[in-house]
């Protein structure tokens, strides 16, 4: 799924009735057992409807126990149990390093990673922590990209899509939050890199692109037509696929 559903009006931790693009891909033989998702926010597991979707999903403080459980995963699971951040969200480091361990062991075709510290620190009004978290995400992206380029299975044939789920306000106090009362929070940014995407740099004065186009763009990079089955979704972003 990547379209608005008027039935969803909160962040309640309930299974998503809609099928996400990850589940849609996993249902195809070419991706069966080759999709995985990791998130700092525990609700990610419900957004992806992990029980129904059938692929590997790990979110929040939940230990990751899919074998083989390496010494690295054992330590991460222990630290999750011993470390407290927010009620429903662990520090980004747990999600990132668990995902990286999985990537090295299982070599999925599609890896989804959701981080959340920038959002939580902003809601708390701690700008210094917000900036440090954003900088750490930059480092994580570099480490992830360097890792896949060091692996024969991924080198030269892997795309990376990165985006935010929402923006933030612009006024001195508005940056701490987002939502319908803060119009500027509707603006997001996206980044794409890979062998099928031209290196166009930071772009301005181009036709608008929207969040609901990301799912179809992901599918398009894999040679799949998401819009044929999910017409409510946005169209692929052409400049990414050329």
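The values are calculated or read from the model by the stated rules, or taken from the named source; none is laboratory data. Predicted model, so just to flag it, every value in this text is computed and none were measured. Neighbour counts are summed over all protein chains in view; Cβ atoms, including those assigned to glycine, are modelled from backbone coordinates with ideal geometry.
Restricting 191, 171, 204 to those that are exposed (fewer than 15 other Cβ atoms within 10 Å of the Cβ) and at pLDDT 95 or above reduces the list to 191. Annotation: of all residues in region 197-233 being touching a helix residue (DSSP H, G or I) at 6+ places or on another chain (Cβ under 6 Å) and part of a loop (DSSP other than H, G, I, E, B), the one that is farthest from residue 23 (Cα to Cα) is 197.
Among the residues making up region 180-196, those that are outside any helix (DSSP H, G or I) and more than 17 Å from residue 149 (Cα to Cα) are 180, 181, 182, 187, 188, 189, 190, 191. I'd like the full set of residues that are under 19 Å from the mean Cα position of the chain (by Cα) and modelled with pLDDT of 95 or more, limited to region 220-233. If the condition is that a residue be under 19 Å from the mean Cα position of the chain (by Cα) and modelled with pLDDT of 95 or more, then 220, 221, 222, 226 are the ones that fit. Residues in region 106-119 that are under 15 Å from residue 55 (Cβ atoms) and part of a helix (DSSP H, G or I): 106 only. The number of residues in region 179-220 being closer than 22 Å to residue 115 by Cβ and free of Cβ contacts under 8 Å to residues at least 24 places away in the same chain comes to 7.
Just a yes or no: is a residue in region 117-140 closer than 17 Å to residue 61 by Cα, surrounded by 13 or more Cβ atoms within 10 Å (Cβ to Cβ) and within 14 Å of the chain's Cα centre (by Cα)? Yes, because at least one residue in region 117-140 is closer than 17 Å to residue 61 by Cα, surrounded by 13 or more Cβ atoms within 10 Å (Cβ to Cβ) and within 14 Å of the chain's Cα centre (by Cα). The single condition among (1) buried (at least 17 other Cβ atoms within 10 Å of the Cβ); (2) more than 15 Å from the chain's Cα centre (by Cα); (3) closer than 24 Å to residue 231 by Cα that residue 15 does not satisfy is (1).
Only residues that are farther than 18 Å from residue 17 by Cα, touching a residue at least 12 places away in the same chain (Cβ under 8 Å) and assigned to a loop (DSSP other than H, G, I, E, B) were counted in region 29-49, giving 3. Out of the residues in region 13-25 that are touching a residue at least 60 places away in the same chain (Cβ under 8 Å) and not in a loop (DSSP other than H, G, I, E, B), state the one that is nearest to residue 114 (Cα to Cα). Filtering region 13-25 for residues that are touching a residue at least 60 places away in the same chain (Cβ under 8 Å) and not in a loop (DSSP other than H, G, I, E, B), the one nearest to residue 114 (Cα to Cα) comes out as 22. Entry remark, region 152-162: residues being at negative phi and exposed (fewer than 13 other Cβ atoms within 10 Å of the Cβ) number 4 in total. Residues in region 50-84 that are at negative phi, assigned to a loop (DSSP other than H, G, I, E, B) and within 20 Å of the chain's Cα centre (by Cα): 55, 61, 62, 63, 64.
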